[in-house]
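One structure is given here, and the rest of the page talks about it.
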Amino acid sequence: MTGPAALAGRPVVAGAGLAGLATALLMDRPCVVLSPAPLAADAASTLAQGGIAAAIGPDDTPALHARDTLAAGAGLCDPAAVEAITRAAPDAIAALAGLGAVFDRRPDGTPDLHLEAAHSRPRIAHAHGDGTGAEIMRALVARVRATPRITVLDHAALRRVIVADGQVAGVLAERAGGTVAIPTAACVIATGGVGALFPTTTSPPGGLGSGLACAARAGATLRDMEFVQFHPTALDATPPARGAGAAPRVLVSEAVRGAGAVLVDETGDRFTDELAPRDVVARAIQAHLAAGHRVFLDARAATHGHFARHFPGIARACLAHGIDPDRDPIPVRPAAHYHMGGIETDLRGRTSVPGLWACGEAASTGLHGANRLASNSLLEAFVCGGFVARDLDATSLPVPRPLPARDTPQPQAADPADVRLLVGRAAGILRTADGLRRAARALAPHVPHDDQALVGALLCLTALERRESRGGHYRTDYPDTAPDAVTGRITLARALPALAALAPVPFLLEH
Ligand SMILES: Cc1cc2nc3c(=O)[nH]c(=O)nc-3n(C[C@H](O)[C@H](O)[C@H](O)COP(=O)(O)OP(=O)(O)OC[C@H]3O[C@@H](n4cnc5c(N)ncnc54)[C@H](O)[C@@H]3O)c2cc1C
């Protein structure tokens, strides 16, 4: 185990997507960023196509943006978080532009704003058409590289947050060549979502929820874990195999349906309303696939032979699979896309563990509730990265003591492919008590030492406990929405006995 003494005492930001890089850039303190891959690679932020939502149009206000966000969240948003984040959105666009991100403009120089499903006003800012995330990340990565105050440890992944006397005391990170121990009183978890725990996903392979597992093992409260958004239209073509993770499916953005593309089956028949909410369209497609059909998004009439002009990135990806959207209907299927739940934070990004912050998709601020309004997540990642940065600058951090010698975390015990199969079958678009219980029972024995099994088990357990359908969570055995909207919270201390009661053989109740 090596201990880079020079880094001791600096806040450690785990994750190099938009949330992590915004946190590092917007704070004044010297800090460390852990990035398992080269900066921006393996980040969902880089893949974001549709854009970033902000009320900057002439007929728009943050209050209208907040109203749409609350409606999408199906009763489980935290109104204070919605108000704070939508209010901060116009300044966020200006700040991103100040950091070098170039957004699309109309010929008269005003921002080119787009309308997306469930937004009542055109408020989605794009960059390079469908390359918004890549452009934002290009700009932020360049800034990070030019900022000597930020030390990037690449090929380093957070494995454990060490807590001593009720406060963060350090982190253990895994790097080629061993484990790095950094004594610090501040850790920010910005490790993104959990899509890679599902067999079919648009998320990068690193989206395994490992930051959620570290937070749970450190004692943090997780919220809304059962709420996963399935995107209805991922490209239904075999993704290339990539390492141990589930390879991401190419997303065929909502904007394509917004432009008039229709969903048809192999007979050319339409079978659903393309502009219904994401969860409704995803369930309709899933049911049609289950009935033996294939499903296609037909953009031929909508884009009049100019698909690539409107959607250059999607066109490139389709052509790479031999599909020409100007001639061919695009084969699609739903895929796990976004995790509304995560580590519970307040509006400073603080978790329930002193010294532990979280932001971005790994966090649950209460912005999304049971369902995310499209294009609100890039916004949340940047705005809440800023909230964390400001709070860290305003907080006096105790000088960390050298970390006691401790065991290196054990290697993952469960096969990630098995975890994906279990989680995908049980906690996919359609859920039942039987399926969820079976998956939780199979994952339970691996929970003490396996982070993916832990996150999968927490997801199944919380989905089992929510005996209703709401937002991204659909139970075929409880298809109705309960009259009261109740936020679900879980800690490892509460989950372990519940999982032990389900497990077929006793397992060690320690973590
Ligand atoms: C295909 C696609 C399209 C999307 N389109 C849009 C859109 O148009 N608009 C929108 O608002 N949202 C969109 N989203 C969602 C949005 O991109 C994400 O929610 C957001 O970018 C999350 O940012 P983040 O920084 O929290 O996570 P990410 O960008 O995923 O970054 C997470 C980082 O954490 C790292 N990491 C993982 N585990 C560890 C670990 N153990 N230790 C250290 N680092 C770790 C990863 O390598 C990565 O660098 C899209 C998502 C996908 C997948």
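The values are calculated or read from the model by the stated rules, or taken from the named source; none is laboratory data. None of the values given here were measured: they were computed from a predicted structure. Glycine gets a Cβ as well: all are built from the backbone with ideal geometry, and neighbour counts include every protein chain shown. Accessible surface is based on the protein model in full, side chains and every heavy atom, while ligands, DNA and RNA are left aside. Shrake-Rupley method; radii C 1.70, N 1.55, O 1.52, S 1.80 Å.
Can you name every residue in segment 38-56 that is near the ligand (Cβ under 6 Å from one of its atoms), touching a strand residue (DSSP E or B) at 6+ places or on another chain (Cβ under 7 Å) and assigned to a loop (DSSP other than H, G, I, E, B)?
Once the filter is applied, which keeps residues that are near the ligand (Cβ under 6 Å from one of its atoms), touching a strand residue (DSSP E or B) at 6+ places or on another chain (Cβ under 7 Å) and assigned to a loop (DSSP other than H, G, I, E, B), segment 38-56 yields Q49, G50, G51.
Of all residues in segment 366-381, which are open to solvent by 10 Å² or more (accessible area, probe 1.4 Å) and of a type outside the set (G, A, S)?
The answer is N371, R372, L378.
Which condition does A196 not pass, out of (1) part of a helix (DSSP H, G or I); (2) touching a Lys or Arg at 6+ places or on another chain (Cβ under 8 Å); (3) away from the ligand (no atom under 14 Å from the Cβ), if it passes all the others?
(3) is the only condition that A196 fails.
Take G100 and tell me if it is open to solvent by 10 Å² or more (accessible area, probe 1.4 Å), assigned to a loop (DSSP other than H, G, I, E, B) and within 14 Å of the ligand (Cβ to nearest atom).
The answer is no for G100.
Go through V262, V252, V228 for me and flag whichever is over 28 Å from L436 (Cβ atoms) and open to solvent by less than 30 Å² (accessible area, probe 1.4 Å).
After ruling out the rest, the residue left standing is V252.
Against the definition (without any contact (Cβ under 8 Å) to a residue 60 or more places away in the chain, within 22 Å of V12 (Cα to Cα) and within 22 Å of the chain's Cα centre (by Cα)), how does A173 come out, yes or no? Step through it out loud before you land on a result.
Numbers: without any contact (Cβ under 8 Å) to a residue 60 or more places away in the chain: no; within 22 Å of V12 (Cα to Cα): yes; within 22 Å of the chain's Cα centre (by Cα): yes.
No.
For residues that are assigned to a loop (DSSP other than H, G, I, E, B) and crowded, with 24+ Cβ neighbours inside 10 Å, scanning just segment 2-15, find the one that is farthest from the ligand (Cβ to nearest atom).
P11
Mind listing whichever residues of segment 63-98 are within 30 Å of R138 (Cβ to Cβ) and among the basic types (K, R)?
Residue satisfying the conditions is R87 alone.
Out of segment 16-37, which residues are part of a loop (DSSP other than H, G, I, E, B), in contact with a strand residue (DSSP E or B) (Cβ under 7 Å, 6 or more places away or on another chain) and under 19 Å from V383 (Cα atoms)?
Listed by number, the list holds a single entry, A16.
Looking only at segment 354-393, how many residues end up being assigned to a loop (DSSP other than H, G, I, E, B) and within 13 Å of the ligand (Cβ to nearest atom)? Give the derivation first.
Residues of segment 354-393 assigned to a loop (DSSP other than H, G, I, E, B): 354-355, 359, 365-375.
Now drop any that are not within 13 Å of the ligand (Cβ to nearest atom), which leaves 359, 365, 367-368, 372-375.
Total satisfying the criteria: 8.
Return the residues of segment 43-84 that are open to solvent by less than 30 Å² (accessible area, probe 1.4 Å) and without any contact (Cβ under 8 Å) to a residue 24 or more places away in the chain; say none if nothing qualifies.
Residue satisfying the conditions is A66 alone.
Quick test of your reading of the structure: P122 fulfils all but one of (1) near the ligand (Cβ under 10 Å from one of its atoms); (2) closer than 23 Å to P62 by Cβ; (3) not hydroxyl-bearing (S, T, Y). Name the failing condition by number.
(1)
For segment 385-400, which positions are in contact (Cβ under 8 Å) with a residue 12 or more places away in the chain, open to solvent by 10 Å² or more (accessible area, probe 1.4 Å) and closer than 17 Å to L347 by Cβ?
Result: F387, R390, D391, D393, T395.
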